[in-house]
Amino acid sequence: MDFGTQLLQYLLSGLSTGAIYALIGIGFSIVYHAIGIINFAQGEFVMLGGMVTLFLLQSLHLPLWAAIPLAVLLASLAGLVFERLAIRPLRKAPPLSLVIVTIGGSILIRGLAMVIWGNDTHRLPSFSGDDPITVAGATLLPQHLWIFGITIALIILNKWFFSHTISGKAMRACSYNPRAAGLVGIDVRRMTMFAFMISAAMGALAGIIAAPLTMTSYDVGIMLGLKGFCAAIIGGMSSGLATVVGGLVLGVLESLGAGLISSGYKDAIAFVILLLILLLRPQGLFGRPESERV
Amino acid sequence: MLELQGVTQIFGGVTALKEVSFSIRADEITGVIGPNGAGKTTLFNIVTGIYRQTAGRVMLEGRDISTVPTDRLARLGMVRTFQNIELFGQMTVLENVMVGLHSRSSSGLFACLFKMPWAVAEERRIRGEALEWLRFAGIEELAPVTAANLPFGKGRLLEIARAMACHPRLLLMDEPAAGLNSQETLELSALIRTIRSRGVTVVLVEHDMDLVMSICDRIVVLNLGQKLAEGTPREIQDNPEVIAAYLGDE
Amino acid sequence: MRRGLLNYLLVAVCILLAPLFFSGSYLLNVLVFAGINTMLAVALNLLVGYAGQISLGHAAFFGLGAYLSGVLTTTYGWDPWLTMPVAALSVGILAFIVGFPILKLKGHYLAMATLGLGIIVYIVFNEWVDVTGGPSGLSGIPNLHLGTLVFDGDRRNYYLVWSCALCCMLLSCNLANSRLGRAFRAIHDAEVAARVLGVNARLLKVQVFALSAAVCALAGSLYAHVMTFIEPATFGFNTSVELLTMVVIGGLGSTYGPFLGALLLTLLPEFLRVMRDYDIVFYGGMLMVMTIFLPGGLVRGIPGLWHKPLALRRAKGDAADA
Amino acid sequence: MKTLLMIGCSVCLLVCSSTLALAAGTIKIGALFSVTGPPAFLGEPERNTAKMVVDGINRAGGIRGQKVELIAYDTVGDPTKAVQMATRLIKDDHVVAIIGPSTTGETMAVIPVVERAHVPLISCAAGSKITDPVKHYVFKTAQNDGLAVAKIYDYLQRHRQQRVAILTVSDGFGASGREQLKALAPRYGIRLVVDDTYGPKDTDMTSQLTRIRASQAQALIVWGTNPGPAVIARNARQLGFRLPIYMSHGVSSKKFIALAGSAAEGLKLPSGKVIVADALPKKDPQKNALLAFVKGYQHQYRQEGDHFGGHAWDAVMLLKGAIERGGATPAAIRDALERTRNFHGIGGTFNYSAADHAGLTKDAFIMVEVRNRGWVIAN
């Protein structure tokens, strides 16, 4: 196999992992914009997506097409409950409390998942078979196409929601200036709730489409959540294309790193990028610097 | 004492200050006035190094302080207060003032950790001096109160006491009378005069015209980021441009 | 001040007498680790509680201390007593250098940067097999000794660890009530105002970061010599979170809060054992409930519940954001 | 003062919790397994098995007429916890011997504790450094990783595959395997052309596989525990990988086949004999023990017993034998354990001696292959 094909293979693998990171990253930034916090429990919604789908498939014997939307719905309900119980009482608290409460939430959700579903690893069935598809010498699974397709669809939907619907515009207004948004009659608390639901749903969907390839267990949320956050940081916490590009860049770099340099330090790549971006370009890879106002 | 030379500040395309130049003489009380959005607070933020100006220079006693970090300015003798008082809410009133003495004390990490005799002696000096400054501002009976629980007017006095504890030669006050009732304002103006009488140069940004006109020696008027006029209170009151700016604004 | 000293002495006497009640019980062994956790929590409290700078990567410094001690004694045959100051000092210096860029960040960004730092260090422990022994860990680290007295039993280790922990508590108490301690708290409450008053916030934050890292490294050294075996998993993200939890549950910025938090969180699992698999749920739930209902931690919260529920609610609000 | 009150409360709590003395006349055996935490896949079957075996012994009248009491603690896979629990077993529960812990790291951490207390420990972890060098009170039942490596290399040598790629997980299990793979290769004339790793939480290994595919390797050895190797098997299938793939004994359970699905077909690995107990020839000395274990586990837990549970089975049975022969004091147990010969357990036939506290040879393993979603003996 020649080097070009190898490179293409790295690229394709990286893009599919990156797409997952991107979806999780967008979830982070939606919440960040709505209320200015980083939700450390975001990764747990990714886990919930996969585990709930599995539960619906195995215990309730639902067909896959019904289990997936139901799982997404349940995950977004979990997001709603989480916002109600943990975030809303702390709206005025310092960032430290919010960091800790979301960490507490993530431990709680993870613990509940372990108690309910055990600590085994599981695999979701692929959406449409496991026969590899060859692209110029490199190979893909049908599931990869699902990942790309759903990611693109979600990004378009996301864009449309935030630019063309009243709720989306209201949420954007809240992120720019919550006080002003409140003054013009937007229910800021409701928008925060929506933000949590949407981001939980995005996370869950990411978890579901990835699970046939990556397996799922009660503790997959930690690492995926952190990688998703790296994607969001590279994208400058934007809830749009920049984060998607961030996720893809991260996925491809990891894949290239694992293939060409050393797989042991693959995870370090993500966090080194995270640190570099935070220190050198806190506005993200593509953002314009903002002048700090007191 | 303090000299601004062509100070310009641009925030993402919006010009907040445009080539503002004026100087402040030692031992005077100078008022900086202007309608809302004239750029007064921005000016203070630039002078105290919280913002870095887009262009121009700020000189303190003949020295360019444009690039001097905020915390060094206190050692150079310049301190400010804030429009929405910025107290250390979880600390007591006395501790707040003791922080004011930070720049005039020197015990290092090692001495503080191990309570070296010189650090203990210094601590005693800091405490004594801080109490004096509380007495100066007339709030010594509030010393053990947590600062966050102070009424607004007392908070203002605490902020002034804290700033004075730095032994500034130049004190910048950002709307010191905002939120005070007329009795408190009266006390404040007396306090400002006392401060000046101790040889401290004072610069006020203020909306309360009565206060400004009664205690300031000189006044600088800003409008829409530019200097409109400069002079004694009388000259300013008679300046047609100033009147137009204020009337036009309201 | 007198009362502070009295309180400290009482706590110290309680701690030093405790082994009389627990001798022959494994709880003495658990308390040894509670002592190490107390040191870590006190160190983290300097940074988070006083200076108001969050860190989700302190386990890295703990681990660096442990590995420096472990590697220097096992591979290079150093004397254990010598490695401890070397580890503390070099980790302190490292943190000082790393602190300058990282502590420019605030709030959630600082949290993520320190988290990233912690994970990178963890990955290095895991992957640098030739030096650290990698995931299989490093064994055969010698116990500390004084002449012929080897610190290998629980009671000896108890006194060794707790005397260090008591020292740390005393020093942290000293620092909190000094000019620098006030400056840290001022930075926490209103950084801009502190800077205007001549507090060199940038440098002080880095100093306290380095100090806190050095104490963590010291605790790491002690851990290595008490356990005689270390592996990377002990110094991962979970440990960082656990440390932060100890500080928050005990009470941020208080003298005995971290001590109480460390004690509670180390001993709690022993009692939760009855609950078997549910302890992780309980742990997460408690973290949330404490943050929401007792933001001041146990030290302030419990008396607050008894006396004046509202008076102690701190008006932190947006001050930390400014 | 409030603080002091709090501390007072905690002290009271502690005192109250001091464990109660238990009825005398029973033989107390301690067990440390990571029933939760990352190595739960080891600890859970181990605890289940130990309980099952001890219950069985008690039903049959105990050992020399004395009932056996198993005191099992969860170590969560954390060495610190393991040390605390080992101390608890020794000081508070006064056990005569300890079985476990489940992982090499935990075992290494516990060794100083038991050596100091003179309590025999039978570890269920695989790392060869547990008994190399020999520690006076420490034995183990899990087959050394080196034996599994030797088994694979033996097989490779017979099939003339000399250039080998290895892909190991970067945790304790993988690191130990990697060490052995590298150390034993020259003895079998094997050249490692690629030495790569993956993280225990990694979700996509196509990069590593792509690199291996482009190399000169004639075979790939994957060293890890679930779910990594299942992901690798599926990635390999996606890439149309043609090299023969060998896995480690870390995945010799039905779970692996369930995770990897059809991608597992044709993979070979060295395994304890338990997964092919039925297919073993009648003359195999272990067959009786194996069938007893498999049946018992199936009966009690409605699950397939795996070789991890087998480590605990062996540990309890070895203890039983030692107590029967020597008596129920720690020192006697230790001495009797060391004299164990020809004990046919689940993991193999044990022969302990003063110079060998691991007791197994590479015959403890057989090469198995996945065929039709089940295990068959590879030829």
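Read-outs throughout are calculated quantities, based only on the coordinates presented, and are distinct from any laboratory measurement. In this text the structure is predicted, and so the values were computed from the model without any measurement. Positions of Cβ are backbone-derived with ideal geometry, glycine not excepted, and every protein chain shown enters the neighbour counts.
Some observations on this one:
- Rounded to 5, the percent of DSSP beta bridges in chain B classed as antiparallel: 55
- Inter-label distance for A:Leu80 and B:Arg198, nm, one decimal - labels placed 7 Å from Cα along Cα-to-Cβ: 6.1
- nm² value of the averaged projected area, convex hull over the Cα atoms of chain C: 17.5
- Of A:Cys230, B:Cys166, the sequence from fewest to most neighbouring Cβ atoms within 10 angstrom is B:Cys166, A:Cys230.
- Distance between the pseudo-spin-label points of C:Thr75 and D:His94 (7 Å out from Cα toward the beta carbon): 4.6 nm.
- Selection from C:Val241, A:Ala180, C:Gly107 lying farthest towards where the dipole of the protein assembly as shown points positive, charges on Cβ: C:Val241
- 19 Å cut-off, amide nitrogen to a point 7 angstrom out along A:Ile156 Cα→Cβ, residues in region A:234-248: A:240-245
- Spatial separation of Cα centroids for region B:28-44 and region B:46-101, in angstrom: 16
- For A:Met193, B:Met164, order by how many other beta-carbon atoms lie within 10 Å, fewest first: A:Met193, B:Met164
- D (Stokes-Einstein, µm²/s), Kirkwood Cα radius, region A:218-259, 0.692 mPa s at 37 °C: 313
- Burial ordering of C:Cys168, C:Cys173, C:Cys14, C:Cys216, fewest other beta-carbon atoms within 10 Å first: C:Cys14, C:Cys173, C:Cys168, C:Cys216
- Separation between Cα centres of region D:182-219 and region C:50-105, rounded to whole Å: 35
- Shielding score for C:103-113, defined as the mean number of other chain Cβ atoms within 10 Å: 6
- In terms of packing, defined here as the mean over residues of other Cβ atoms within 10 angstrom, the peptides B:135-142, C:30-37 line up highest first as C:30-37, B:135-142.
- Mean Kyte hydropathy of -0.5 or more with a Cα span along the axis of at least 27 Å, helices from DSSP in chain C: C:2-22, C:26-45, C:80-102, C:107-127, C:154-176, C:201-227
- Potential extension, B:Asn36-B:Ala55 segment - 0.36 nm per residue separation minus Cα distance: 4.6 nm
- Using Cβ point charges alone (K and R +1, D and E -1), the dipole size of region C:151-288 about the Cα centre works out to roughly 600 debye.
- Once the Cα atoms are used to define both axes, helix A:64-82 deviates from the longest principal axis of chain A by about 30 degrees.
- Whole-Hz Karplus values for region A:86-103 come out as 10, 8, 4, x, 10, 3, 9, 7, x, x, 4, 4, 5, 4, 5, 5, 6, 5 Hz, taken residue by residue from phi with 6.51 cos²θ - 1.76 cosθ + 1.60 and θ = phi - 60°; glycine and proline positions read x.
- Taking only Cα atoms of chain D, radius of gyration then Dmax in Å: 21.7, 77
- Computing FRET efficiency as 1/(1 + (r/R0)^6) for A:Val115 and B:Thr67, where r is the C-beta to C-beta distance and R0 is 56 Å, gives about 0.45.
- Per DSSP, loop chymotrypsin sites (Phe, Trp or Tyr not before Pro) in region D:283-338 with at most 15 further Cβ within 10 Å: none
- Given charges at Cβ of Lys, Arg, Asp, Glu: chain C dipole, positive-most of C:Ile119, C:Phe282, C:Tyr223: C:Phe282
- Cα-centre dipole for chain D with unit charges at Cβ (Lys and Arg positive, Asp and Glu negative), debye to 20: 740
- Remark: region A:1-160 carries a charge dipole of roughly 740 debye about the Cα centre, counting +1 on each Lys and Arg Cβ and -1 on each Asp and Glu Cβ.
- Distant-in-sequence amide contacts of D:Ala31, defined by a placed amide H-H separation under 5 Å and a gap of 5 or more residues or a different chain, comprise D:Ile71, D:Ala72, D:Tyr73, D:Ile99.
- Based on C-alpha pairs under 8 angstrom that are at least 6 apart in sequence, chain C has a relative contact order of 32 percent.
- In region A:98-209, Rg over Rh equals 1.10, where Rg is the alpha-carbon radius of gyration and Rh the Kirkwood radius from pairwise Cα distances.
- Between D:Ala117 and C:Trp128, the C-beta separation translates, for a Förster distance of 35 Å, into a calculated FRET efficiency of about 0.55.
- Near B:Tyr51, the amide H atoms lying under 5 Å from its own belong to B:Ile46; only residues 5 or more places off or on other chains count, and H is placed 1.01 Å from N.
- Rounded to the nearest 10 degrees, the inclination of helix D:104-117 to the longest alpha-carbon principal axis of chain D is 30 degrees.
- Within region A:25-221, the percentage of alpha carbon pairs spaced more than 29 angstrom apart rounds to 28%.
- Its Cα gyration tensor gives the protein assembly as shown an equivalent ellipsoid, and the semi-axes of that ellipsoid, as √(5λ) in whole Å with the largest first, are 61, 37, 25.
- Computed 3J(HN,Hα) for region A:198-205, one whole-Hz value per residue from the Karplus formula 6.51 cos²θ - 1.76 cosθ + 1.60 where θ = phi - 60°, is 5, 5, 5, 5, 4, x, 4, 4, glycine and proline marked x.
- Simple spin-label estimate for B:Thr15 and D:Lys254 gives 8.0 nm between the two label positions (7 Å along the Cα-to-Cβ direction from each Cα).
- The calculated FRET efficiency for the pair A:Asn177 and D:His136, based on their C-beta separation and a Förster distance of 45 Å, comes to about 0.05.
- Degrees, to the nearest 10: A:166-176 long Cα axis against longest axis of chain A: 70
- Equivalent ellipsoid, region D:155-211 (semi-axes from 5 times Cα gyration tensor eigenvalues, Å): 22, 14, 8
- Phi-based couplings in Hz for region A:261-272 (Karplus 6.51, -1.76, 1.60; Gly and Pro marked x): 9, 8, 6, x, 8, 4, 5, 4, 3, 4, 7, 5
- Euclidean distance of C-alpha centroids, region A:156-191 and region B:181-211, integer Å: 45
- Take each residue in D:189-199, count the other chain C-beta atoms within 10 Å of its C-beta, and the mean is 3.
- Length-normalised contact order of chain A in % [C-alpha pairs under 8 Å, at least 6 apart]: 37
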